[in-house]
Structures are given as C-alpha cells and as structure tokens.
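I have placed the structure first, in the form of structure tokens, so that the comments after it can refer back to it.
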Amino acid sequence: MTVMFGGDYNPEQWPESVWDEDMRLMTEAGVSLVSVGIFSWASVEPRPGEYDFGWFDRVLDKLAANGIGASLATMTASPPPWLARLHPETLPQRADGVRLWPGGRQQYCPSSPVYRDHAARLVESLASRYHSHPALRIWHIGNEYGCHVRSCWCDVSAADFRRWLRERYGDLDALNAAWSTTFWSQRYGDWEEILPPRTAPTFANPAQKLDFARFSDDAILACYTMERDIVRRHTPAVPVTTNFIGLVHKPIDSYRWAREQDVVSLDSYPDPYDPRAHVDAAFAYDLARSARGGQPWLLMEQAPSAVNWRPRNAPKPPGVMRLWSWQAVAQGADAVLFFQWRQSAGGAEKFHSAMVPHAGPSARGFADVRALGRELALVPSLGRVSADVAVVHDWDSWRALESDAHPAELDLLETHRAHYAPLFEAHVTVDVVPVDADFSRYKLVVVPNLYLMTSSTAARLTEYVASGGHLVVSFFSGIVDECDRVHLGGYPAPLREVLGLTVDEFWPLSGAVPLSQGAGSVWAEWVELSGASAVATFDGGDLAGRPAITRHEFGAGVAWYLATRPDPATMRELFDRIRRDAGVRPVVEGLPDPVQAVARGSHLFLLNHGTTPTVVDLPSPGVDLLDPAAVGSKSVTLAPRGVAVVKLEEVNE
Ligand code: GAL
C-alpha cells in the first residue's frame, strides 16, 4: 500500500454542480482518501428524527465511482441548533458557570445522556445505511475530541463525576484520604456535597482537580467508545479512528485513547513563523507512532498553507508543505491529509488555506498539492521506524504538574523540548512512550520532570537501570503519588536509591545561573549525594559548589540526574556523552545540522529543514525514489527544504 492522500471533504458547502469538478480534480491530484461528513449532522438531520441522507448517498457514490475511499465521519462533532433549543441542558458549562452556546461548534456536555442518545441514533442510522458502501475505508469517530470543550462543570457533569468517584474510591473515607480533605476543612460527609472544581475563592484541591481532569477525559472517551461500538457491530472489519488534536493536547490522554482505536490519527498545524516548529512536530509524530507501539499512523489534517486562527497566520513558503508532509511520512505516517479540500466561501474558516484555494485549481497551491500527490505515489509500502531511545511522557503527571501552588510554574512541554532537541539535533531516533512502556527495549530512557510517579513506575525504572539500562531523570520528578500526595522521606523518595542522591529543597531560579559547565535556568535543587558523583556543579548563586548534574553507576547500568535545566549547548554535549555511553548511534553519522534523517525499514528519509543546499553522504549506495535518475549514488544533494527518500542497497540493522 502506498501512502494515502487527501483531505476533509465538506461538499455540503457547495452546489452539487461543483462535485463533479471536485472528483475530476481529486483524480488529477491522486487523492485516495477523504474525510466526509464531519460537520454534516445539521444537513442530514435538519429536524429531530427527520433524516435526509439522499445528498450524502450521492457524495459517497461519486467517491466510489472515482476510486476514492471515505474516512467516514460519524457526524457527531457538532450538534445542530435544534438540540440546544429542545434540550438546553445539553450545553456545556464552564467552571465559572457560564454556558457555552451554539454558534461555534462542539457545544455539548460530554456527560449528557440526551446528547449521547441523539448521537447514538445518528450513528446507528449511518452505520446501518453505509456498512457495505464501496467507498467506506475507515470510520472517523467525532472530530478532535476535547478541542474546544475539555471539561464541563454543569450539574449533569457533577452527577456523572460523583458516579465516577464512587467507582474509583468505593467509599467516602477512601476519597477523603485520596484528596487530603482534612486540610482546609474540606472533609466530605455525603457524596452529594462533592462538586466539580468550580471557580473557588482560592486554589481548588489539587487531587480533586486531577481526578476531574481524569474524569473529563473518561467522559469524552465514553462518547467515542459508544460510537465506536455501534460502528464495530455493523462493520467489524473496518478500522476505527478519531483524530487527535495536535500536537500534544493535555485534556486527552492519547496513550489511553490509542488503545481504543485500530489506528492512531493526528492533526498537525506547526506554525511556519516558528523556526523550531518542525522539532515540536517531530516530538508529536514520535508520540503518535509510539502510542500504538510503532504502528503506522495517519496524518489526518494539516494546512496546505496558512491557518486562520493564530493572531498572525503565516503561509507556508514554497517547499514547506512538501517538506512537512514527507516529515510525517518519515516518522511513520501512512497517510497525508489536509483540512480541507476546497476553501470555504463563507463561515469561520474561509481564510484557512485549502487544497483548492479561492482562486481555483489554477492557483499555485493546487499545483503543489497535485505534485505532492503524484510524488507520494512513487513510494512503495514502507517499513516501521525503530528507536533505541525513549522519552517518557505521562498525562497524569502533566496535569498534576501544571496545577496551582507549586514551588514554581513549570511548563512540561518546554521541558520536553529541552530534552528532545539535543537528541533530534544529533539525528537520533526517539520514541515518546507512556510510563507503562517496556523500557527494556531501549538503550536509553529519558524521564523529563515526571512529577507524579507511582512507586511501581519508580521500581520499574530502578530495575531497568539495575539490569544495564541508561536512564536520565530531570528535576522535580518522583515527587507525588497518583493522588498528588508527596512521597515522604526525602525527594525524590522512590528514586533516591537508583539516582544515589537526595534532594533537600527546591530552588526555582529567576534567571540563568552559571554551572561548572554552561549555565542552568528555570529550576535548581539542593542535592545531597549518596553514591552518585557530580558531573557539573552550580558555579554561582545560593547553591555554588553544590551538584547540578550527577551520574550514578547502579547495578549494571547508569542513572543520570539533572537538578536544573542546562542551556541548549550544554544539553547537547551532555546528551552526546550519555548516548555514546549507552551505545546509541545516529541514523546517519556526520549529517549536517538542519537535515533530519529517519529510516523506515530499508528506506532512508533525508529532510533538509534549512534554506541552503546540502550534500549528504549515504551510509550505503542507494537510489532516491523522488529523483530516480541518480541510481546507485553514494551521496544525495538536498535542495533548500529538499527531501530525498533513498532506497538503500544495504541496510544496517
Ligand atoms: C482542526 C479541525 C478542523 C479545522 C482545522 C483547521 O482543529 O479538526 O475541522 O477546523 O482545525 O482550523
């Protein structure tokens, strides 16, 4: 199978006379898959219970007749206005009590049984009508769950939250203990007293907030699984997905959701004005691939050029759309799709770019789309990406970390960036894995700021090092348990043995502080060594002379600790040393800096994120599938923002 190509197709915006041109242009561009029906609920059910599927039948029939597959949406992403009129209680409510009204999209309370019933009826009708339609390739449940409404604080949600808490804790004593409610007179004597963490006079209970984030994720997930189960009943063999909002989104735990899908799909909108956008995208793609253990994923949406929802929306300069599309494929995507096929004439996203721009098919944008479609078809079925390094990410910890009243406000994605960048820049392939991943598959495991860590995760990390693994842990990790209660006995209590140290006190920094090598910022700690040795010390400020970076040989492995965030150059040197010690090699040795290299089986992807031409020496002779004239070459010249997909003659496994 070659890479699938296409985009969101919303033909209900156009008279039917346009649809034939759509089919012609899609065929010309090599479109093989379109997402249809995402926002069609109001068009197929204009009045409650009154369905009009005729126009949608014609759309699907045209797609099938042209050999184009449908990623068939369940249409429940945005309820029609009549639902709010008939059942205002389905509208979501914010923490401060404000209702979110129709007029935008996604205006439903995830816990609402009324919303769920109406959604279930619609999905049942769709699945029974289209279960054997020849265009159906994949079910696309909802759309970007949790994009606008991440939680709902209404009374219906409050009751559902209490049900969820009863299931989790069984009795009130257990809940009171888990939430540390003896502090600030918060002890609950009756389940009915418990509310979602609505706007309060001061900091809400952090364990209550953490549970509410978990509950909200579960409530939204229940909307997804309800629909998934309906379509699976009708079409057990058709794969099911839902598109994650990119790049990494706190309300939705992609690892848990991925287990409920047949294939992961991701929407990705890097900002062309951000010179590091491709690095953040790379992190998200590594996560999307790792979420189902290395299985290929689908790039379900990206912008052909500019979006229209940033304060200033940069178009993609020539070459960038192509480069970023191939980047996704290199990192494991088996589909490249866009939002949307034809640019809207009206509505909230009319200035968002599309595959067929306002100017029509003669515009540069469509020429680029057509060229990409043809080029993607040159690449055969691709193998999997494999990585020796894992970076650990955890949604529970992320939510707990970015709660109130901590020693300092920490931004986890910033910290991830600081740890991921030196590996990316060293051309090392990385998986981004959950805390329950099999660490023994990796030569190096990096744990950035994993504030919430269960004792069992800590024990697994300890065991990993004892049996020969290389581990890097950075500051403020292993601090609390799953209820946001501190692991007592000296920080980070469950990791002290493997790290060979104790943190006596946190010392957040207001600026940069010199280290014996480079500088640290954001955070510092008073570290007492008990087996580890200091590789770098603070060289100024209150902690002068105390350890900043440590190394501990433990069992057959090595555990590193970063008590601060070293500057990028120092991180790069440090990570070079750490990964060499661990026996981790780059995909290709000696690559120039802006070139990203990823291998999928015997195909080597080379992506020049820079704006000057660059020559890359190949590890073995090969042929660039995008430039087949150069058969058997030993090197490849990448144009500015250029791409090569090299089929290597010999593969170093
Ligand atoms: C996504 C969404 C699409 C479209 C796109 C471009 O978040 O799924 O429906 O809105 O962004 O803004």
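Within the range 389-582, all pairs of alpha-carbon atoms sorted by distance into 5 Å bins from zero give the percentages 1, 8, 18, 22, 23, 17, 8, 1, 0.
Would you kindly state how much longer the chain becomes between Thr199 and Glu16 on full extension, computed as 0.36 nm times their sequence separation minus their alpha carbon distance, in nm to one decimal?
Here the answer is 61.0 nm.
The range 445-509 and the range 1-59 have Cα centres spaced 51 Å apart.
From most to least packed by mean Cβ count within 10 Å, the peptides 444-456, 597-609 give 444-456, 597-609.
Given in Å, the Rg to one decimal and the Dmax to the nearest whole number for the Cα atoms of the chain are 25.9, 77.
Note on Val114/Arg276: beta-carbon distance plugged into 1/(1 + (r/R0)^6) with R0 of 41 Å gives a FRET efficiency of 0.40.
For the range 265-309, trypsin sites (Lys or Arg not before Pro) are listed when DSSP marks them as loop and at most 15 other Cβ atoms sit within 10 Å of their Cβ; the list is Arg276.
Expressed as a whole percent, the accessible surface of the chain that belongs to carbon and sulfur atoms is 52, based on a 1.4 Å probe. At the residue level, Ile479 shows approximately 10 square angstrom of accessible surface with a 1.4 angstrom probe and all protein chains present. Using only side-chain charges placed at the Cβ, +1 for Lys and Arg and -1 for Asp and Glu, the dipole size of the range 513-653 relative to its Cα centre rounds to 160 debye. Once C-alpha pairs closer than 8 Å and six or more residues apart are averaged by separation and normalised to the residue number of the range 595-648, the relative contact order reads 43 percent. Using C-alpha pairs below 8 Å separated by at least 6 residues, the relative contact order for the chain is 10 percent.
Of the chymotrypsin sites (Phe, Trp or Tyr not before Pro) found in the range 233-316, the ones in coil according to DSSP and having at most 14 other Cβ atoms within 10 Å of their Cβ are Tyr273, Trp309. The trypsin sites (Lys or Arg not before Pro) of the range 393-491 include none that meets both conditions, a loop assignment by DSSP and at most 11 other Cβ atoms within 10 Å of the site Cβ.
A 1.4 Å probe, protein heavy atoms only, puts the accessible area of Asp576 near 30 Å².
Out of the DSSP beta bridges found with both residues in the chain, what percent are antiparallel (nearest 5)? Percentage antiparallel, nearest 5: 50. Unpaired cysteine residues in the chain (no second Cys Cβ under 4.7 Å): Cys147, Cys154, Cys223, Cys483.
Rolling a 1.4 angstrom probe over the protein heavy atoms with all chains in place gives the chain an accessible area of 38 Å² per residue.
The values are calculated or read from the model by the stated rules, or taken from the named source; none is laboratory data. Small disclaimer: the values here were computed from a predicted structure and weren't measured. Ideal geometry is used to build each Cβ from the backbone, glycine not excepted, and the neighbour counts take in all protein chains shown. Only protein heavy atoms, including side chains, enter the accessible area calculation; ligands, DNA and RNA are left aside. Shrake-Rupley method; radii C 1.70, N 1.55, O 1.52, S 1.80 Å.
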